[in-house]
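Chemist: This is the structure I want to talk about, given as structure tokens.
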Amino acid sequence: MRRAGRASLAGVAIAFALVSVSVRAQGPVDAAIAAFRDDVHVAAGLACTTCHSSKPPAGRGGTSSSTAGGAEAYSAPPRTAIAPLCATCHSDATYMRRFDPQVRVDQFLQYQASTHGKRMAAGETRVATCTDCHQAHGVKRVNDARSPVAPLNVTRTCGRCHGDPARMTMFGREATAPADWSASVHAAALLKRGDTSAPTCAACHGSHGATPPGVASVANVCAQCHLREAELFRASPKKDIFDAIGQAECLACHGNHHIESPTDDWVSVTEGMVCAQCHDDSSDSGKTIREVRLELDRLSTALSDADALLTRAERAGMPVDEGRLMLRDAREHQVQSRALVHAFALAPFSTTAAEGLASARGAHEAAEAAMRELQTRRRGLAAATFLILAFLAALGLKIRRLPPPGA
Amino acid sequence: MSARFRSWLEERLPLSDMVDALRHKTVPHHRYSIWYYFGGMTLFLFGIQVGSGALLLLYYRPSAAEAYESVQFIVTRVPFGWLVRSIHAWSANLMVASAFAHLFSVLFLHAYRRPRELTWVTGIILLLLTLAFGFTGYLLPWNDVSFFATRVGTDIAATVPVIGRGIVRFLRGGNDVSGATLTRLFGFHVAILPAIATALIGLHLLLIQRHGMSVPPSIERRAATDPDAVRSIPFLPHFVLRDLFAWTAALAMLAALATFYPSELGTKADPFAAAPAGIRPEWYFLWTFETLKHVPPTLAGINGEFLAVIAMGVGAGGALVLPFVARSTHRGRRLVVWVGVASLTFMSVMTALALAGAAP
Amino acid sequence: MASSENADGRRSVLNWLLGLWGGGVLGSICYPVARYLSPPDIPEAATLSVSAGSARALVVNSGRVVPFGSRPAIVIRTPDGELRAFSATCTHLDCTVQYRPDLERIWCACHNGQYDLNGRNVAGPPPRPLDPYDVNVKDDEITLTRRA
């Protein structure tokens, strides 16, 4: 029944639905029918009766809005039955590969392992199931920008529940995560710059298998993009210490949702700064922290000095391309030095910071050379002007001394 | 030795005839004769433009891919390239200023009167050519400001009825400002306009040589009773040395301007970027843009911009035929002076408004 | 008589001074023009092509970053010995990429973006491939040319 004759039923059912619309006032059923026209399942030849049985489901009243013949048949399945219903097709590899040979068929398996899935299976219907995120009618592909699970829309979709304090309190949870994330650098990258590689809820928590990542595993997620920092961290003494005290690698310093752009002044043992959470001034580590911070500050100052002088030279009309190239190189070294902070040792960091400092000083030198060239030009002008003025003086005298006209 | 050389030349070229003619040439000297120097100044600055322009031509590349980089090359890598480029840019501004000073001084001194009508007409055309030189040259560095200024400037041509779009396509080499526009305006700037200008300058100088310098009517009247009102000074050496003095002083000013206020490179033109804030044409076009900004959208049902463009066209046409319509009576000349004062004031006020509006 | 002789003397001194300073003015015009006319060391702007060093020194499975105008370029010799060149500005957030012989890929250290040996973005955040440049070798000198 599922497969055989579905195509012909599709035509009949849709025609019936369309006719029904015209003889009835708009209701939730009509809205569903209207939305379904845009659904990706329609293209696959599916119809209303695929998911909605033709008999009224046992024990549950329908949501029909009229007494006309077919309306009661299209009642919503019970919430606990939705995921298994979708899985009848979406977990069937043989069936699904007709539509997309590469498609995954483990969504239901993942869902069952997720926090949402486990609670739903235990009868808690207030957690998410397939239709909450993908919609019931009008389902679109993930890469369709209108889909609620398209990268730009994911946080809004998760936030409908996880940002709602009333709902979250029912589960003894905070509702701050979506708002925190929206204030993070990742949100800015995604929503303001359109960088779809930036992580949303699903990137770290999973989509179908959504579960808060364990302490040990969250860093693996960060490491997908921030590989350099992760490798450095794992090679550093901190890894064993953090494992021993059960501390999540990246989170201790960078947070999980509200991840801001780190600044150089995090590296400090002053009260309130990031390193001061564990370190203080008295130990060797405190000395290293101060040394690292000193070099970071020195590099940052050298960069801004060079930039300022280059800009001054540019404003005065001097070309400073080579200086700008060196400054760009210095900035790249600054980025690398900041990454090397995650080695938590002086050695590789100092070398890179020193190289960056050398480039920044080179840029400054180039700017100074430009300013000196400017002075040379002005001196050249002074010499030329002197010659011209002397000539003009002599010429003026000559003109004065000319015999009066008419003589 | 030099006597032999001179007689060798004498046999072949009419040198002594020319020198004799110049030796006998005289120039009136009176209260207002200082204004005579502006014509020569404009010519001198044109010579500077030809010289510095030729030097720039040795390194400049007129294509969208290379123009900006070639100018960058000139000002960074070529010895004194910065000087040649900045002198070319400043001399352009000074030449336009000098040309306008020359125009208005000739107007107020009524030197357009018979028999000098053709001198005036060629002069007006030369002024328009100077403005065209400025407009075509402005795009050549191919930076942000010049690209968008050219786009806005050529847009104005579209308001002309019937042939407007055709004019725009002719100027731009297409529908929009592109590399084709650059090549086309370059061709105008270095070949077509200089050819026409040289011919007209030759004619203009020939006519001046033919008719000599005009003495203003008020001086002529005064000379009837006071013989000291106007004297004659020899062209060679008195006038020439004074000319040389003015030209050398202008050279010093150009060098100083080039050193203390060098032209900037800007950022390379990006046709797909949004127009940067504060796009303006060069200062000598500012008054037209400010006028177009203040004109009401419609006047008696006709497009305001269109009317303003027509008015400016009528103004230019009126200037061209001035010697033929101005009456040579005292009242006629007073009218010309008032029209001149009104135009000058209008252009100055509009320019000042534009500059004030643009200042952040 | 004496005064006219003095006048003559003064006139010739004046003429001499005029000649001296006039010569100076002419010199201060001719000197920059002469310097301008002699070709500079680098004869033309590196807009369309640039030299990228010795071909022999670029061994198999290695890369070199060189400046190309105001932006960096990377020239690599693939494990098969072929020379290829691309823009070295990562298409993600503009960091400068480098060659990773262990991965046999072009790699960006900032967010672990990877490009294959054809410049195509194959892993990590970069949204677009790297712009390719034409490579030519003459007398052991590599020249990179921008594609029009």
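Nothing in this text is a laboratory measurement; each read-out follows from the coordinates by a stated rule. Since this is a predicted model, take the numbers as computed values, not measurements. We place every Cβ from the backbone using ideal geometry, glycine too, and count neighbours over all the protein chains shown.
Chemist: Among C:126, C:72, C:43, whose mean-square fluctuation peaks in a Gaussian network model of chain C (Cα, cutoff 10 Å)?
Modeler: Judging by the Gaussian network model, the answer is C:43.
Chemist: Sticking with this one: Grab the DSSP H runs of chain C that are 4 residues or longer, score each as -39,500 (n - 2.57), total them, divide by all residues and round the 222 nm result to the nearest 500 deg cm²/dmol.
Modeler: About -9000 deg cm²/dmol.
Chemist: Give me the distance in nm between label points sitting 7 Å out from Cα along the Cα-to-Cβ direction at residue B:210 and residue A:291, one decimal.
Modeler: 9.1
Chemist: Sticking with this one: Using DSSP loop states and a limit of at most 12 other Cβ atoms within 10 Å to flag trypsin sites (Lys or Arg not before Pro), what is the longest stretch of chain C containing no flagged site? Don't skip to the end; give the middle numbers.
Modeler: Working: sites that count: C:56, C:147.
My reading of the result: C:57-146 is the longest stretch.
Chemist: Please report Rg over Rh for the protein assembly as shown, where both radii come from the alpha carbon positions and Rh follows the Kirkwood definition.
Modeler: 1.12
Chemist: Alpha carbon centre of region A:77-116 versus region C:109-148: separation in Å?
Modeler: 41
Chemist: Among the trypsin sites (Lys or Arg not before Pro) within region B:13-101, which fall in a DSSP loop and have no more than 13 other Cβ atoms within 10 Å of their own Cβ?
Modeler: For trypsin sites (Lys or Arg not before Pro) across region B:13-101 that sit outside H, G, I, E and B with at most 13 neighbouring Cβ atoms in 10 Å, the list reads B:31.
Chemist: Against the longest alpha carbon principal axis of chain A, how many degrees, from 0 to 90 and to the nearest 10, is the axis of helix A:346-401 turned?
Modeler: Roughly 50 degrees between the two axes.
Chemist: While we're looking at this one, here's another question. Sorted from fewest to most neighbouring beta carbons within 10 Å, what does the list A:271, A:249 look like? Walk me through the numbers on the way to the answer.
Modeler: On the way: A:271 7, A:249 24.
Going from sparsest to densest Cβ surroundings: A:271, A:249.
Chemist: For the Cα atoms of chain B, what angle does the longest principal axis make with the long axis of helix B:81-108, in degrees from 0 to 90, nearest 10?
Modeler: 60
Chemist: Which FRET efficiency, nearest 0.05, do residue B:341 and residue A:315 yield, Cβ-Cβ r, R0 30 Å?
Modeler: On the way: r = 40 Å, r/R0 = 1.32.
The calculated FRET efficiency here is 0.15.
Chemist: Would you order B:192, B:124 from fewest to most other beta-carbon atoms within 10 Å of each residue's own beta-carbon? If you can, show how the numbers build up before the last one.
Modeler: Details: B:192 13, B:124 18.
Sorted ascending by nearby Cβ count, the order is B:192, B:124.
Chemist: Need one number: nm distance between label points at residue B:312 and residue C:104, each 7 Å from Cα along Cα→Cβ, rounded to one decimal.
Modeler: Label at residue B:312, label at residue C:104, 6.5 nm between them.
Chemist: Please work out the FRET efficiency for the pair residue C:78 and residue A:266, using the Cβ-Cβ distance as r and a Förster radius of 35 Å; give the result to the nearest 0.05.
Modeler: Computed FRET efficiency for residue C:78 and residue A:266: 0.25.
Chemist: Something else about it: Over 30 Å between Cα atoms: which of A:118/A:238; A:192/B:268; A:239/A:287; A:192/A:287; A:140/A:192 fall into that group?
Modeler: Those over the limit are A:118/A:238; A:192/A:287.
Chemist: With the convex hull built on the Cα atoms of chain B, state its orientation-averaged projected area in nm².
Modeler: Mean projected area for chain B: 23.2 nm², to one decimal.
Chemist: Working from Cα positions, state the angle (0 to 90°, nearest 10) between the long axis of helix C:2-37 and the longest principal axis of chain C.
Modeler: In chain C, helix C:2-37 runs at an angle near 10 degrees to the longest axis.
Chemist: Take each of the peptides A:90-98, B:40-48, average the number of other beta-carbon atoms within 10 Å over its residues, and list them starting from the highest.
Modeler: So the order, starting with the most tightly packed, is B:40-48, A:90-98.
Chemist: Moving on. Among A:43, A:337, A:300, whose Cα sits farthest toward the positive end of the charge dipole of chain A (+1 at Cβ of Lys/Arg, -1 at Cβ of Asp/Glu, about the Cα centre)?
Modeler: Working it through, the farthest residue towards the positive pole turns out to be A:43.
Chemist: Shape call for region A:306-360 from the C-alpha gyration tensor, a ≥ b ≥ c root eigenvalues: rounded (a/c under 1.5), prolate (a/b greater than b/c) or oblate? Don't skip to the answer; put the middle values down first.
Modeler: Values: a/c = 3.79, a/b = 3.56, b/c = 1.07.
Prolate, because a/c is 1.5 or more and a/b exceeds b/c.
Chemist: Is the C-alpha gyration tensor of chain A telling us rounded, prolate or oblate? Criteria: a/c under 1.5 is rounded; beyond that, a/b larger than b/c is prolate, otherwise oblate.
Modeler: Because a/c hits 1.5 or more and a/b fails to exceed b/c, chain A counts as oblate.
Chemist: Given the options B:347, B:312, B:18, which has the most mean-square fluctuation in a GNM of chain B, springs set between C-alpha atoms less than 10 angstrom apart?
Modeler: B:18
Chemist: Calculate the spin-label point distance for residue B:58 paired with residue A:386, positioning each point 7 Å from the Cα along the beta-carbon direction, and give it in nanometres.
Modeler: Output for this residue pair reads 2.8 nm.
Chemist: Kindly state, to the nearest 0.05, the FRET efficiency for residue A:305 paired with residue A:169, given R0 = 51 Å and r defined as their beta-carbon distance.
Modeler: E(calc), rounded to 0.05, equals 0.45.
Chemist: Within 10 Å of each residue's Cβ, count the other Cβ atoms and sort A:278, A:225 from fewest upward.
Modeler: On the way: A:278 14, A:225 21.
Exposure proxy ranking, most exposed first: A:278, A:225.
Chemist: Can you give me the Cα centroid spacing of region B:279-337 and region C:31-103 in angstrom?
Modeler: First find each Cα centre; the distance between them is then 55 Å.
Chemist: Compute, for region A:96-147, the length of the dipole vector about the Cα centre, with Cβ point charges of +1 (Lys, Arg) and -1 (Asp, Glu) only. Units Debye, rounded to 20. Mind dumping the intermediate values first?
Modeler: Details: 9 positive and 5 negative charges, 18 e Å.
So the magnitude is around 80 debye.
Chemist: I would also like to ask the following. Determine ³J(HN,Hα), in whole Hz, for all residues of region A:281-289 in sequence, where each value follows from phi through the Karplus function 6.51 cos²θ - 1.76 cosθ + 1.60 and θ = phi - 60°; x replaces Gly and Pro.
Modeler: Listing the rounded values in order: 5, 6, 8, 4, 4, x, 5, 4, 4 Hz.
Chemist: Quick one: what are the phi-derived ³J(HN,Hα) couplings along region C:129-145, Karplus 6.51/-1.76/1.60 with θ = phi - 60°, whole Hz, x for glycine and proline?
Modeler: Computed from phi, the couplings for region C:129-145 are x, 7, 5, x, 10, 7, 10, 10, 10, 9, 6, 6, 9, 8, 10, 9, 10 Hz.
Chemist: Which of B:174, B:212, B:301 moves the most in a Gaussian network model of chain B with Cα springs under 10 Å?
Modeler: Result: B:301 has the largest fluctuation of those listed.
Chemist: In terms of Cα to Cα distance under 28 Å, which lysines are near enough to residue B:25, apart from those fewer than 8 places away along the same chain?
Modeler: Counting by Cα, and skipping residues close in sequence, residue B:25 has these lysines nearby: A:398.
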